[in-house]
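Heads up, the thing below is written out as structure tokens.
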């Protein structure tokens with residue numbers, strides 16, 4: 001690993017901050033950081049992810065968002081598909097969630113149906129709130145870039161044997177962006193689909209098989225166009 005390659009360290013630090021690091025990955029993280037020696041960037045990443053995780057206890061309190069953090073969020077979304085390691089998809093999602101949580105937390109108390117600017121965030125970044133059902137459901141994405149974080153709280157259970165399925169709709173043709181179910185009303189899911197090409201996002205309640213076409217009417221919708 002070169003002195004400039006902090007990607008694997010960042011991925012492992014994100015997983016550790018969210019309590020998702022396995023013993024062998026923890027050993028790999030320690031070895032990687034030791035190989036970097038007295039590295040200021042390693043310390044900055046470690047502190048940043050720890051502070052982000054600590055903010056989970058204050059999820060409804062607005063907090064300032066720095067340009068550096070906003071850039072890290074967007075880079076996480078763009079780079080999620082390039083994540084490496086034993087569990088690349090899971091770790092990529094952890095990276096995005098860890099970096100994006102502060103941005104989502106900052107906007108969740110004041111989200112509007114249309115784009116809500118966030119202090120310090122890139123002008124290209126978009127946060128949209130879904131309308132319709134109970135609870136709060138929002139999405140973070142960057143137009144023209146693949147990947148989006150869908151985050152929610154106080155969401156009703158889709159029911160036994162059911163899940164929420166997220167749809168991208170252009171014209172009248174829905175395309176699945178994936179399925180996810182809340183745990184204790186909370187949901188955080190990453191999709192690598194390019195949602196910015198859609199006019200409308202919708203969420204339906206579907207069988208856990210995650211069907212290729214919707215079988216029910218939307219319970220949440222968000223307009224992107």
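No lab work stands behind these numbers, since they all come straight from the coordinates. Please read all numbers here as calculations on a predicted model, not as lab measurements. Here Cβ is always computed from backbone atoms with ideal geometry, including for glycine, and neighbour counts include all displayed protein chains.
For the reader, a short list of remarks on this structure follows.
- One chain, two ends: residue 131 and residue 145. Fully extended at 0.36 nm per residue, the span grows by 2.7 nm beyond their Cα-Cα distance.
- Inter-label distance for residue 160 and residue 35, nm, one decimal - labels placed 7 Å from Cα along Cα-to-Cβ: 5.0
- Protection-proxy order for peptides 162-175, 141-154, each taking the mean of Cβ atoms within 10 Å per residue, highest first: 141-154, 162-175
- Linear extension gain, residue 172 paired with residue 22, 0.36 nm per residue minus alpha-carbon span: 49.6 nm
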